[in-house]
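Scroll down for the structure; my scribbles are underneath it.
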Amino acid sequence: MTISQAVANVCKVAGMTNSRLIKSNNSIESKEIYLPGTDCVIKSQVTLAAYTSYRVGGPAEWCVAPRNLEALQASIQFAKAHELPVTILGAGSNLLVSDCGIPGLVVVTRHLRHSHFDSETGQLTVAAGDPIPSLAWQIAERGWQGFEWAVGIPGTIGGAIVMNAGAHNSCIADILVNVQVLLPDGTLETLTREQLNYSYRTSILQGSDRIVTQATFQLQPGANPTEVLAATKQHKEHRLNTQPYHLPSCGSVFRNPKPHAAGWLIEQTGLKGYQIGKAQVALRHANFIVNCGGASAWDIFNLIHHVQHQVQERWSIPLEPEVKMLGEFQAA
């Protein structure tokens, strides 16, 4: 069994056989499997477009959405018993899922939610599935500082931990105390910030077989809630005014190749508004590729590679995708 937080490999063959990963002596025939001891149901051939912010993506061979740690552990045990690869999907906001879908078991973690505020220490422990924007508002309402910058990030805590999400010159690594992860054998492990080896938009959890279950952050309580809410609102308004949130996207497509900004390079290359199929380089911010309605993952994939090629030709600067690609993408 392999566990993937995000797989960026691009394959030349796009076919996927529904049962190719299940041995005949350990077959799965039902379209719905109820995991014993849980209220969790594993379903077959679930379309993933509804689970991604791009609104594209083919079916998951098997899909489950656990609501607590026990159900998550049972889901991983199921995959292990049937030798299925596991793909973790949070809010789907930094992903491009292939039109061909994803083989194995897709575990949707967005329903894993709980939070605990410790007023004495200023620490917040929160589950992997909690959405970042609503959490930022909850923190601000308490008058706690340190999370205002995150309000515009359209993802979950789990994904933010894995990729070291950031904005406005701040990032998850700045405030993280530790993270709890689920290992393939079903046991739990706690890792400190130092053990995650954080750098710009990356950590050792990327490509790892460990699944984030919860995290603890160090914040600063005791501020005036009105002032913290105002600062949070300012960050939110800045994102809305400068980025195209009116259309489906994955957020920023490319990492910034310091000292340059990817958006500036793309804009200066003359690619704002460039379109392949229904995928377009956004007019409001060139480091966004948006779904104008009816785009396929293949349209978006092709546009990403076109932008990379044109910027390389003009500036001799390679653009590295920040978006993670899941599944197989057929060669042209």
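One Cα centroid belongs to region 62-124, the other to region 277-326; the line between them spans 27 Å. Toward the positive end of the charge dipole of the chain, with +1 on the Cβ of Lys and Arg and -1 on the Cβ of Asp and Glu, the farthest Cα among Leu89, Val179, Gly222 is that of Leu89. The figure for Arg67 is an accessible area of roughly 140 square angstrom, using a 1.4 Å probe on the protein chains alone. Note on the chain: dipole from Cβ charges, positive end direction compared against Val162, Ala71, Gly251; the farthest Cα belongs to Gly251.
Anyone know which of Leu191, Leu183, Leu271 comes out most mobile in the 10 Å Cα GNM of the chain? Top of the fluctuation ranking is Leu191.
A Gaussian network model of the chain, with springs between Cα atoms under 10 Å, assigns the largest mean-square fluctuation among Gln275, Gln145, Gln195 to Gln195. Amide H contacts of Phe254 (H built 1.01 Å from N, in plane; Pro and chain starts excluded): Glu322 sit under 5 Å, all sequence-distant by 5 or more or on other chains. Checked against a 29 Å cut-off, the cross-linked pairs Lys80/Lys278; Lys233/Lys278; Lys43/Lys236; Lys80/Lys324; Lys31/Lys278 give Cα-Cα distances beyond that limit for Lys80/Lys278; Lys233/Lys278; Lys43/Lys236; Lys31/Lys278. Keeping the other protein chains in place, figure out the carbon and sulfur percent of the accessible area of the chain, with a 1.4 Å probe. C and S fraction of accessible area: 48 percent. Modelled this way, with points 7 Å down the Cα-to-C-beta line, the labels at Asn197 and Ser316 are 3.2 nm from one another.
Working from Cα pairs under 8 Å separated by at least six residues, relative contact order for region 234-319 is 30 percent. For Thr213, the amide hydrogen comes within under 5 Å of the amide hydrogens of Gln180, Val181, Leu182, counting only partners 5 or more places away or on other chains and with H modelled in the peptide plane. Using the Cβ-Cβ distance between Glu237 and Glu189 with R0 set to 41 Å, the FRET efficiency from 1/(1 + (r/R0)^6) comes to roughly 0.55.
Shape of region 125-178 from its Cα gyration tensor (a ≥ b ≥ c, root eigenvalues): rounded if a/c is under 1.5, otherwise prolate when a/b > b/c, or oblate? Kindly include the intermediate steps, with their values, before the conclusion.
Values: a/c = 1.37, a/b = 1.19, b/c = 1.15.
It comes out rounded by the Cα gyration axes.
Rounded to the nearest 20, the size of the Cβ-charge dipole of the chain about its Cα centre is 680 debye, with Lys and Arg at +1 and Asp and Glu at -1. Candidates Ala262, Val307, Leu240 compared by Cα position along the dipole of region 211-332: farthest toward the positive end lies Leu240, with charges placed on Cβ.
Could you state the accessible area per residue of region 149-247 in Å², with a 1.4 Å probe and every protein chain left in place?
Each residue of region 149-247 exposes 44 Å² on average to a 1.4 Å probe.
Could you tell me which of rounded, prolate or oblate describes region 184-332, using a ≥ b ≥ c as the square roots of the eigenvalues of the alpha-carbon gyration tensor, with rounded for a/c under 1.5 and, failing that, prolate when a/b is larger than b/c and oblate otherwise? Oblate. With the simple spin-label model, which puts each label point 7 Å out from Cα in the Cβ direction, the Asn302 to Glu141 separation comes to 4.6 nm.
Overall, the anisotropy analysis places the chain in the oblate class: the square-rooted eigenvalues a ≥ b ≥ c of its C-alpha gyration tensor yield a/c not less than 1.5, with a/b not exceeding b/c. Model label points for Gln45 and Leu283, set 7 angstrom from Cα along the Cα-to-Cβ axis, are 4.0 nm apart.
The values are calculated or read from the model by the stated rules, or taken from the named source; none is laboratory data. All figures in this text were calculated on a predicted structure; none of them were measured in a lab. Because the Cβ atoms are built from the backbone with ideal geometry, glycine has one as well, and the counts that use them run over all protein chains shown. All accessible areas refer to the heavy atoms of the entire protein, side chains included, with ligands and DNA or RNA removed. Shrake-Rupley method; radii C 1.70, N 1.55, O 1.52, S 1.80 Å.
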